[in-house]
Structure formats: C-alpha cells, structure tokens
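Below is one structure, written out as structure tokens; the observations come after it.
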Amino acid sequence: MTVTANIVRYSAPGRINLIGEHTDYNAGFALPIALPERTIAVFHPAGGDTLVVRSDRAEHSVSFPVTTQPGDVTGWAAYVAGVVWALRGAGHPVPGGALLISGGVEMGSGLASSAALECAVLGAILGAGGPPLDRMEQAHLARRAENEYVGAPTGLLDQLAILFAEPGCAQLIDFRHLSTAPVVFDPDAHGAALLLINSHAPHRHAGGEYAARRASCERAAAALGVSSLRDVQGHDVTALDAVPDATDRRRARHILTENRRVLDTVRALERSRLHEVGALLSESHASMRDDFAITTEHLDLIADTAVRAGALGARMTGGGFGGCVIALVDATDVDTVTDAVRTATRRAGHPEPSISRTYPGRGAGG
C-alpha cells in the first residue's frame, strides 16, 4: 500500500489455479498462484457520502452513495459498490471520494479479474484510515460483496489466492479449515515453464451453469447424509453409489478425485517430479470434461494439442465454459507447443490464443 498526501494506492493480482477446480465451495483443497498482472486502485478520500468510480476500461464514471444496497449498481462498478456495502455492513465506515481503477488483469478470461478488483478496492479504502483487518477477514468481505451484492455464487478461492500469494510459491488452501500453506513452485529452476494460454473465448458461467454445478454437489452430499463432500474424502469413489442421480454422482466424483489430485500435486512438487505434476494436470482436465462437464471443445482442443506437442500436461483453469488453459512444458519445448496450439486453433476457426510464460507473483499490497 502506498499513501501520498491522503491518496492511497493499492493493487491486487489476478490468479490461476494450478489444480483444484470447484473444490472451494465443497470444503476441499486447491493450489492456486497469483499472476504478475495486477489491478490498481487509487483512492482520493474527500469526505461526503458519494463515491465516484472511474476505470481505464470504461467510457464513463459511475457515482453511488456509500449507503448503496444490492441492486443499486450493476456492471463492473457493482464489484466496487459491493465492497463498500460489505465494509459498511461489517460496521466499518467508508468515506466518499474518488476511486480510479486501472491495471492488467484481463476481464472475462477466468483469471479472477473481479476478485482482483474487489481486493484492490478493499485495500485502498482500508488504507485511507479504515480499521486494520487481517487477510482472512478481507477475503470474507470481498466474497460477500461478490456473492450478496453482485449475485455471483462463488467460493473463497479467488480472494484467498490473491491475498495470501507469495512470489515463487503456490498456495495450498484447505477450505474446510480455511488455512493456507506455501508450496514452492519454480518450474524455471527445473528447466520447465508454465504457459498461460488465453483462448479468447469469453469465460462465462453460461446459463447459470456454475450455480447448477454447486447445487448438484449439494444434492450429492445430502444423498450421502453429510454436510459437505469433504466428509467422504478419502473414501473409495464407490461410496458415491449411494447418490441416486447419475449426473450428481459424476459431479461428486470430480470433487473427490480432484481433491486427491491437489494433494498428489503438492507431494510431486515437494519431490520436484514435474512429470507427475503434468500428468495430474491432464487428469484434472479429463475429469472437468467428462465428470463435471465444464470444458468446451475449444478448450479441449488447446489442452489436447499442447500435450500431443510435448507438454508434460495441460488443463483448463478457472470456473469453466471458456477462458484459459495452462500447460506445463519443458523449456526446450515452449516454441513447439506454442506453434502447435496456434496452428490447431487457427485451423479449427477459433481466435488465435495469446500464449505467455507466467510465474507465481506476489499477493495484494501497495
């Protein structure tokens, strides 16, 4: 956080999830990293009861009272208004003023641009004289803004990944105990690279599909007589035979096997076995495709092409239905994999993807 003449500057990164998709709201495990790209919030507190918000990605500014309520503000500014509403609902005063938003976390690509915006705004407002809040409290407030003001039924993954991130590390998150632990993730040190492949297919939870997956998991847990699928973690997947609906059974199978893959990935990283990590990434993609049904033919093509071209493994990352693929690649194969993916997507008539080598960045801060 940077404070200059009563002006507060705070930034927060986007994130990608190495592995552990849709496990957060099932009290499971995930292994995200923060991205180098960041969203920046610059707050000019001026008193009064009105906040004027402007983004370098929007033509017009948006104004709303600090007493805003859900439904008052829509569009991108709803995430800002939601943070103000969540802070005030928790008993924290929010001054009026001007808030300028800029940064490089791409929207609509499954890189947690909304959570980056929430965390950047939250940090800037708190830096203007608000009470000190620990990172876990901030994560809960940011999620409440997204869940209850914006109306997106997301879990806590994005906020925890952004707030607790450390350079050179992934974060093992246990959503049952709300704990985080750094896990060294440095592909460069082992002659490898993590490629972020943006399909440029908009990341959208089409037709409420995200909410549908969450409801399916809740039905499966209820059929098993448990409060969460975490309660049957460690059991053989045959325990899911008690779930009467075949679709709910497949959704639950993804959660149980994905949790296992997260923990197996951590063990493989601790032993510097990147080939094992790559295989687990590909297994995760297959599970998201076949059991959870959240990939698309476009994303499947990218992941499959990357592996056929020599990647150690590849998977869709994010909530699904568009967005990005990550691929773990030997450094000597980066150009080969990149060229193969671009050629395959062009031949299939898809937009040419953006492909970049990425690494774990730092968490939210000044």
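Brief remarks follow.
- Annotation note: of E21, E37, the sole residue that is surrounded by fewer than 24 Cβ atoms within 10 Å (Cβ to Cβ) and of a type in the set (D, E, K, R) is E37.
- Evaluation of G366 against (1) crowded, with 17+ Cβ neighbours inside 10 Å; (2) over 22 Å from D188 (Cβ atoms); (3) small (G, A, S); (4) touching a Lys or Arg at 6+ places or on another chain (Cβ under 8 Å) (one fails), failing number: (1)
- The condition (being at pLDDT below 95 and touching a Ser or Thr at 6+ places or on another chain (Cβ under 8 Å)) is satisfied by just one residue among A152, A112: A152.
- Selected residue [under 23 Å from G110 (Cβ atoms), modelled with pLDDT of 95 or more, in contact with a His (Cβ under 9 Å, 6 or more places away or on another chain) and basic (K, R)] from R315, R261: R315
- Residue check for A286: on the phi > 0 side of the Ramachandran plot and aliphatic (A, V, I, L, M): no
- Condition broken by S102, with the remaining ones in (1) buried (at least 16 other Cβ atoms within 10 Å of the Cβ); (2) hydroxyl-bearing (S, T, Y); (3) more than 16 Å from the chain's Cα centre (by Cα); (4) part of a strand (DSSP E or B) satisfied: (1)
- Each residue in the stretch 126-149 was checked for being part of a helix (DSSP H, G or I), in contact with a Pro (Cβ under 8 Å, 6 or more places away or on another chain) and surrounded by 18 or more Cβ atoms within 10 Å (Cβ to Cβ), and 2 of them qualify.
- Scanning the stretch 150-174 for residues that are crowded, with 24+ Cβ neighbours inside 10 Å and farther than 18 Å from R214 by Cβ yields a total of 6.
- Look at (1) in contact with a strand residue (DSSP E or B) (Cβ under 7 Å, 6 or more places away or on another chain); (2) modelled with pLDDT of 95 or more and you find that A78 fails only one, number (1).
- Within the stretch 295-304, none of the residues are within 25 Å of H22 (Cβ to Cβ), in a strand (DSSP E or B), assigned by TED's automatic domain parsing to the domain that holds G191 and in contact (Cβ under 8 Å) with a residue 24 or more places away in the chain.
- Selection from the stretch 192-247 of residues that are among the polar types (S, T, N, Q) and not in a strand (DSSP E or B): S199, S216, S227, S228, Q233, T238, T247
- Pairs are defined by a Cβ separation below 8 Å, a sequence spacing of at least 6 or placement on different chains, a first member in the stretch 114-138 that is assigned by TED's automatic domain parsing to the domain that holds A161 and in contact (Cβ under 8 Å) with a residue 12 or more places away in the chain, and a second member that is among the aromatic types (F, W, Y) and in a helix (DSSP H, G or I); the pairs so defined are S114/Y79; L117/Y79; E118/Y79; V121/Y79; R135/F164.
- Set E270, E283: member being farther than 22 Å from H200 by Cβ, outside the structural domain of G14 (by TED's automatic domain parsing) and under 21 Å from the mean Cα position of the chain (by Cα): E283
- Screening the candidates A27, A77 for the property of being crowded, with 19+ Cβ neighbours inside 10 Å and without any contact (Cβ under 8 Å) to a residue 40 or more places away in the chain yields one hit, A77.
- Conditions (1) part of a helix (DSSP H, G or I); (2) crowded, with 23+ Cβ neighbours inside 10 Å; (3) of a type outside the set (S, T, Y): number failed by A279: (2)
- Here I33, I40 are screened, and the one residue that is among the aliphatic types (A, V, I, L, M), within 26 Å of G313 (Cα to Cα), out of contact with any Asp or Glu (no Cβ under 8 Å at 6 or more places or on another chain) and not assigned by TED's automatic domain parsing to the domain that holds S228 is I33.
- Scanning the stretch 316-347 for residues that are surrounded by 20 or more Cβ atoms within 10 Å (Cβ to Cβ) and of a type in the set (A, V, I, L, M, F, W, C) gives M316, F321, C324, V325, I326, A327, L328, V329, V337, V341.
The values are calculated or read from the model by the stated rules, or taken from the named source; none is laboratory data. Fair warning: this is a prediction, and the values are worked out from it, not measured in the lab. Here the Cβ is made from the backbone with ideal geometry for all residues, glycine too, and neighbour counts use every protein chain on show.
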